[in-house]
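Participant: Quick one: structure below, then a few questions.
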Amino acid sequence: MEGYQYTVTENDEIITIKTILKAKMGISTRLLRKLKDTDGVFLNGKPVKLYEKARAGDQVLLAMPEENSGFEPEEIPIDVLYEDRDLLAVNKQPGFVVHPTKGHVSNTMANGIMNYMIHSGENYKIRFINRLDMNTSGILLIGKNSHCQDDFARQAKEERVVKSYIAFVQGKPEEEEGVIDLPIGKPVEEEIRRQVIPEGYPSVTRYKLLRSFAGNYSMLSVTIETGRTHQIRVHMAHIGHPIIGDSLYGKEEEDLISRQALHAYRLEFDHPITKERLVVTAPLPQDMKALEEKLSSIG
């Protein structure tokens, strides 16, 4: 039987199966509520109630409930950066939204991943652990079960997740390294645009200058401690350095690049199951490489 196993130690004999699942295996309360209805927990190969206790040497096994995704499969190229039985990390190309919306009912990353999953002979519910804007490229992480999604959220709260981006911006920041700690919210609820407002959500962005170019442009490494919608775009625009090509918070620059020059290039976190530190990286896409060459050639 496939699932996640734990070998009970002598120190575990006085605690219940439920406590082992939560404290030793990191299973969330939300998932435990689901398991009550699915008989997905086994002790030495037999179904067990969560209030029962185990003995040293016993094997506790958690079998995740079978789930499916209802996205329509579409032939969309999927660039896999990392994959195991729990996680899938892909290098999202610009121009695709993550999942279907009213404005984009098809031709999304979800449709492409559904097609990839079917051709890989797997079956799981596609859970997007992180999000990227339509015209932002880079690492998109998918959990193949709810535990991975829950565990990543816990790590984010504990500040164990590191999300890093490459951004090309207008101008050159006064300081080579800086922190933008300003709240972000929606001044008009019906509009997509965000901005720094006092009643917004706490938002923290760190940046480091990697390279400056003639013509008043810069290349930055940006790390976000929070994950607000449009966070980097809003913060950089607020301090006077909007992302190159960002038509919403800056201006279009078709002669340089046809979208905002923002790429999620590094994601660091603990693997939800093995607990090993995992670092996923995505190379700079061709259009941003071309942008760097164009900026380098400016006299």
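The values are calculated or read from the model by the stated rules, or taken from the named source; none is laboratory data. Predicted model only: the values in this text are computed from it and were never measured. Virtual Cβ from ideal backbone geometry, glycine too; neighbours counted across all protein chains shown.
Participant: Taking residue 94 and the conditions (1) within 30 Å of residue 245 (Cα to Cα); (2) at pLDDT below 85, which numbered condition does it fall short on, given that it satisfies the others?
Facilitator: Answer for residue 94: the failing condition is (2).
Participant: Going by the conditions given, is residue 144 more than 21 Å from residue 262 (Cα to Cα) and crowded, with 22+ Cβ neighbours inside 10 Å?
Facilitator: Against the criterion (more than 21 Å from residue 262 (Cα to Cα) and crowded, with 22+ Cβ neighbours inside 10 Å), residue 144 qualifies.
Participant: How many residues, within the stretch 223-249, are surrounded by 17 or more Cβ atoms within 10 Å (Cβ to Cβ), part of a loop (DSSP other than H, G, I, E, B) and modelled with pLDDT of 95 or more?
Facilitator: Total satisfying the criteria: 9.
Participant: Out of the stretch 179-193, which residues are closer than 29 Å to residue 294 by Cβ and surrounded by 14 or more Cβ atoms within 10 Å (Cβ to Cβ)?
Facilitator: Passing the criteria: only 180.
Participant: Separate question: What is the number of the single condition among (1) among the polar types (S, T, N, Q); (2) within 21 Å of residue 227 (Cα to Cα); (3) not in a strand (DSSP E or B) that residue 91 does not meet?
Facilitator: (3)
Participant: While we're on this one: Answer yes or no as to whether residue 293 is surrounded by fewer than 21 Cβ atoms within 10 Å (Cβ to Cβ) and more than 13 Å from the chain's Cα centre (by Cα).
Facilitator: Judged against the criteria, residue 293 is a match.
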